[in-house]
Each structure stands twice: as C-alpha cells, then as structure tokens.
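Taking it in order: structure first as structure tokens, then the write-up.
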Amino acid sequence: MDTFKKFLHMFMSTVLNCSLYSKEHTTINDLSSKTYDLLIKLMDEFGDIEIMLIEDDLIFNKKPVREIGLQGQKFINILKKKGLNRIDLLKGIKPDELKNFIIDFSNYERSINSYPNIRTGIIDVRIGGFKLDQDIKLDDLDSFSTEQINIVKDVYQNISPYKRLNIAGLEEIVINFILTFKKEANILKMLSPVKSYSEYTYTHAANVAVLSMFQAEAIGIKDEILRDLGISALLHDVGKLFISSEILEKKGQLTQEEWEEIWKHPYYGAVYLSKNDKLPRLAPIVALEHHLRYDGTGYPRLNTGNRKQHLCSQIVAIADYYDALRSNRPYRKELGIYEILAIMKKEENKLFNPHLLNNFIRIMLFAVSKK
C-alpha cells in the first residue's frame, strides 16, 4: 500500500504542475517519467492496477486505502468533478500513454481520451447497486467464503488490549460481501458451515455480517450505514475473545458461574471496541446490545429507562440467533431452516422486532425457493 501511496502522490504532483507548465515542459516530462517508474514498480508487485471510488473511500485493488493525505483527497475531488469512479491501469502501458492521460486528467473541462492500456468508467457505486462484470467470481463461493473467514480469523487472532484492530481487513470483507450481493441473490449460498468448534467464532462472525447486511439492504439501508453495520456485525462477538476457550468450547453443561461469565461478553466487547476511535461508533453499541431483547429483557442488564435497542442491534440480533441455531455446537445439533424460522416467529415482539423479523423470514424463504 505504501508503493501505491507514493505513486498517487507523484501522479497528483504531475497533475497539479500541468496547470503551471505546458505539456512539453521539462518539468512535466520529468514528473511524468517519475510517475511512470513508480507505476511500473507498483505493477511488478500487484499486476494490473484497479482504482475505484466508493462513496468517499478510495479502493486500490479491492482494498480500502486509508490516510491518503491532501494529494489523495485532491485525486478524489478530480474524479468526482470528472464524473469518474474507476480507473484501470493495465500492464503494457507506455510512458506517453500515462503522460497524456495525466494531461487529460488535469483539465476539468477536458474529456478523457481512449488509451490502449488505460480504462476509465462510471459504475453505480452506491452500495445499493454495483454494476460489475468481473470483480467477484461466483464459480467457487466456498473458496470465496473461506477467504473471508481467514481474514476474520487474522483480525480476531491479533485482537489484544495492547494492539490496534486491523480495520482495513474488516472493511475489505464488507466490500467483498457488498460486491458479491450484486451477483448472488441467494443468501443461503453465502453462508459458511462451521467445520470445527475452534473455527466457530470466525465463521459465525462472517455469517452474521452477511445475514445482517442482507436484511439491511432489503429494507433500504445503504451506503455508509450499511458498511458500518457490516463492520459492527463482524465484531459483535469480539467480547468472547476475553473469555476462556475452556468455557466457550465446553461440551458438558455449563455451571452458573460459567454462564455468568459468558453473559459478560457483550460488555467486554463494547468496552474494547469503544477504545478504538477508527471504528464506526455503531460497533460498540451493537456489541453491547446484540443479546438484549426487543421487549427490553436479555443481557447485560442496562439502566437505560425505556430506550430500546438500536435498530442495527436488532438486525444483528436476528442474524446472530439464526446462525447460532443453524450451526453445530458442542451442546446441541444444528437445526433446519424451517424449524429455526418457526422458533423465531414465536418470539416476535419478545426477542425480535416483528417488522424486522418478518422481513428476515421473507428473504430467507425466498432464498429457499431459489435453491
């Protein structure tokens, strides 16, 4: 990512100097040459370069770029003024191609010419409607899901009171899920089975994020709120990392003391997440509230008067409950989809917001009909 930032800085330095000098000036030639050298170095490391703008976020080869600086922000501003949100730079690009593209890019009034190894375009990047032709391949969703779970695992295994969370890794997962939603309408195909008890936490986190975001899209939630919800859902159970694995993976009956320790995990998670100012403010709220109930009961017990769960916490609670019942656990077998939905329907107005629950049941039954 550092190489990309250096390239972007040099690219924008060249762009900005185009307003001061003619295109044949030695300054432009020198800066353009340096930009090209950095691009070749970048391509040696990453291959073809894909730059996308999603809302106000810059995405490089499907990974969010953070701390882009003033030059990066100017790059975004020019993209917006030109009505562009995607640039592909392909291997084989020639120095003159890049230089002329930079000149086109520097002039707000000038359209971008066609180049053999540079593609620019407009995609519907509202999180409600990607129009992509290749970003996520669906011929092997199992491999895709495994890859996302491995990223979750990497993030979770590095969680410590003394370490920073890998926010970029979480955002990468959320973006990948959003892209996949646009090509795979059957939510059931995106849910991963729990292959071992030790993998449950990571698989469950990914599944809850998928189920939460799918619900949210169905009721019109999009853009930054959808992204924040996805990150929050991925982290909803992070408090369990502060509980002994002997308790979490115990196959026998839990003691009262062990249950009381498990009931503290929403609190542990909320405290941990609230200390990270890079996370969405929604994340500690969802971690704290995902085991509260729609009727005000549940845990942890909070002195909040008549304030109900946040809407996003209600969405995550539904996803959490469903995925827990569909997964094999040390103390019980998995349940089938119809059995789970019947159980959940009995709990509307108590455990769950009835409107959100009915939305969830509707999209799940639709998914079953498309299997």
Closer than 13 Å to residue 3 by Cβ and buried (at least 16 other Cβ atoms within 10 Å of the Cβ): is that true of residue 75 in this structure? no
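Can you go through 41, 94 and tell me which one is within 26 Å of residue 168 (Cα to Cα) and of a type outside the set (A, V, I, L, M, F, W, C)?
Working: 94 fails: within 26 Å of residue 168 (Cα to Cα).
When all the criteria are applied, what remains is 41.
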Which of the residues that make up segment 162-186 are at pLDDT 80 or above and of a type in the set (Phe, Trp, Tyr)? 177
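Please find, among 220, 230, 252, the residue that is at pLDDT 85 or above and exposed (fewer than 15 other Cβ atoms within 10 Å of the Cβ). Working first, answer last.
Details: 230 fails: exposed (fewer than 15 other Cβ atoms within 10 Å of the Cβ); 252 fails: at pLDDT 85 or above.
The conditions single out 220.
Across segment 122-148, which residue is modelled with the lowest pLDDT among those that are surrounded by fewer than 16 Cβ atoms within 10 Å (Cβ to Cβ) and β-branched (Val, Ile, Thr)? I'd like the intermediate steps shown before the answer.
Just the residues of segment 122-148 that are surrounded by fewer than 16 Cβ atoms within 10 Å (Cβ to Cβ), to begin with: 122, 124, 126, 128-129, 131-134, 137-140, 142-143, 146-147.
So of that shortlist, the ones also β-branched (Val, Ile, Thr) come out as 122, 146.
Working: 122: 60, 146: 75.
Restricting to residues being surrounded by fewer than 16 Cβ atoms within 10 Å (Cβ to Cβ) and β-branched (Val, Ile, Thr), the top hit is 122.
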Those residues that are at pLDDT 70 or above and more than 18 Å from residue 280 (Cα to Cα), I need them from segment 194-205; list them, please. 199, 200, 201, 202, 203, 204
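Could you say which residue among 211, 241 is at pLDDT 90 or above, assigned by TED's automatic domain parsing to the domain that holds residue 148 and part of a helix (DSSP H, G or I)? Before you say what the answer is, go through the steps one by one.
On the way: 241 fails: at pLDDT 90 or above.
Of the residues listed, the single one that is at pLDDT 90 or above, assigned by TED's automatic domain parsing to the domain that holds residue 148 and part of a helix (DSSP H, G or I) is 211.
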Within segment 261-285, restricting to residues that are under 20 Å from residue 168 (Cβ atoms) and of a type in the set (A, V, I, L, M, F, W, C), the one that is surrounded by the most Cβ atoms within 10 Å (Cβ to Cβ) is 283
When residues of segment 271-300 are filtered for being touching a His at 6+ places or on another chain (Cβ under 8 Å) and aliphatic (A, V, I, L, M), how many remain? 4
Those residues that are of a type in the set (S, T, N, Q) and either within 29 Å of residue 225 (Cβ to Cβ) or not assigned by TED's automatic domain parsing to the domain that holds residue 232 (or both), I need them from segment 252-279; list them, please. 274, 276
Exactly one condition in (1) crowded, with 18+ Cβ neighbours inside 10 Å; (2) part of a helix (DSSP H, G or I); (3) of a type outside the set (Lys, Arg) is not met by residue 258; state its number. (1)
Condition check: part of a strand (DSSP E or B) and surrounded by fewer than 17 Cβ atoms within 10 Å (Cβ to Cβ). Does residue 119 satisfy that? yes
Taking segment 21-48 only, how many residues are β-branched (Val, Ile, Thr), within 36 Å of the chain's Cα centre (by Cα) and under 15 Å from residue 101 (Cα atoms)? 1
Of the residues in segment 218-238, those that are touching a helix residue (DSSP H, G or I) at 6+ places or on another chain (Cβ under 7 Å) and farther than 17 Å from residue 282 by Cα come to 218, 219
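Yes or no, residue by residue, for (1) assigned by TED's automatic domain parsing to the domain that holds residue 171; (2) outside any helix (DSSP H, G or I); (3) touching a residue at least 60 places away in the same chain (Cβ under 8 Å):
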position	(1), (2), (3)
11	no, no, yes
20	no, yes, no
28	no, no, yes
70	no, no, no
76	no, no, no
83	no, yes, no
88	no, yes, no
97	no, no, no
112	no, yes, no
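Going through 112, 159, 151 one at a time, which residue ends up being at negative phi, surrounded by 11 or more Cβ atoms within 10 Å (Cβ to Cβ), within 14 Å of the chain's Cα centre (by Cα) and at pLDDT 75 or above?
On the way: 112 fails: within 14 Å of the chain's Cα centre (by Cα); 159 fails: within 14 Å of the chain's Cα centre (by Cα).
From the options 112, 159, 151, the qualifying one is 151.
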Can you find a residue that is modelled with pLDDT under 90 and of a type in the set (Lys, Arg) anywhere in segment 288-300? no
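The values are calculated or read from the model by the stated rules, or taken from the named source; none is laboratory data. Model, not experiment: these values are computed from the prediction. Counting neighbours? That spans all protein chains shown, and the Cβs are built from the backbone with ideal geometry, glycine included.
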